[in-house]
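Here's the structure we're looking at; comments come further down.
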Amino acid sequence: MADQKNERIPIQCPPELINGVYANLGVANFNHEEFVLDFVFLHPNTKSGQIRSRVVLHPDHVRRLVKMLQKNLDDYDDQFGYDDAEDDDDDDFDDGFPPITLNFN
């Protein structure tokens with residue numbers, strides 16, 4: 001079992017994905033079996049946006065993703081610093097944006 005942990009899996013990125021896409025908003029939805037993560041570009045000075053990428057994940061994969069992102073964010077903060085004064089003591093999430101309506105027409 002220990003050998004499997006150190007085994008490297010080759011992962012390739014097709015040329016059409018190599019540059020990635022820009023998103024300035026993430027939206028998450030879920031049901032009993034899966035999470036759907038939408039990465040959206042909100043157009044500046046308008047009230048419209050466009051989904052640039054959608055990823056569907058099993059809840060176990062979401063848990064691993066959250067842990068990986070937290071570790072990377074901690075590493076980023078260690079390297080570049082972070083101002084804790086920016087954090088709210090309020091546990092309610094409010095990003096300051098109005099509610100988002102997704103239109104799938």
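Computed from the coordinates by the stated procedures, all read-outs in this text should not be read as laboratory data. The model shown is predicted, which means the values in this text are computed figures rather than measured ones. Note that each Cβ is placed from the backbone with ideal geometry, even for glycine, and that neighbours are counted across all protein chains shown.
Find how much the distance from Thr46 to Leu73 grows on full extension, using 0.36 nm per residue of separation minus their present alpha carbon separation; answer in nm with one decimal.
Going from the current span to full extension adds 6.7 nm.
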Practice item. Select from the stretch 1-75 those trypsin sites (Lys or Arg not before Pro) which occupy a DSSP coil region and have at most 13 other Cβ atoms within 10 Å, ordered by residue number. Key: Arg8, Lys47
Revision key, fill the gap. If unit charges are put on Cβ atoms (+1 for Lys and Arg, -1 for Asp and Glu) and the dipole of the stretch 22-81 is taken about its Cα centre, the option from Phe39, Asn72, Ile51 lying farthest towards the positive end turns out to be Ile51
Check your understanding: At what distance in nm do the modelled label points of Arg8 and Glu34 sit from each other, each positioned 7 Å from its Cα along Cα→Cβ?
Key -> 3.2 nm
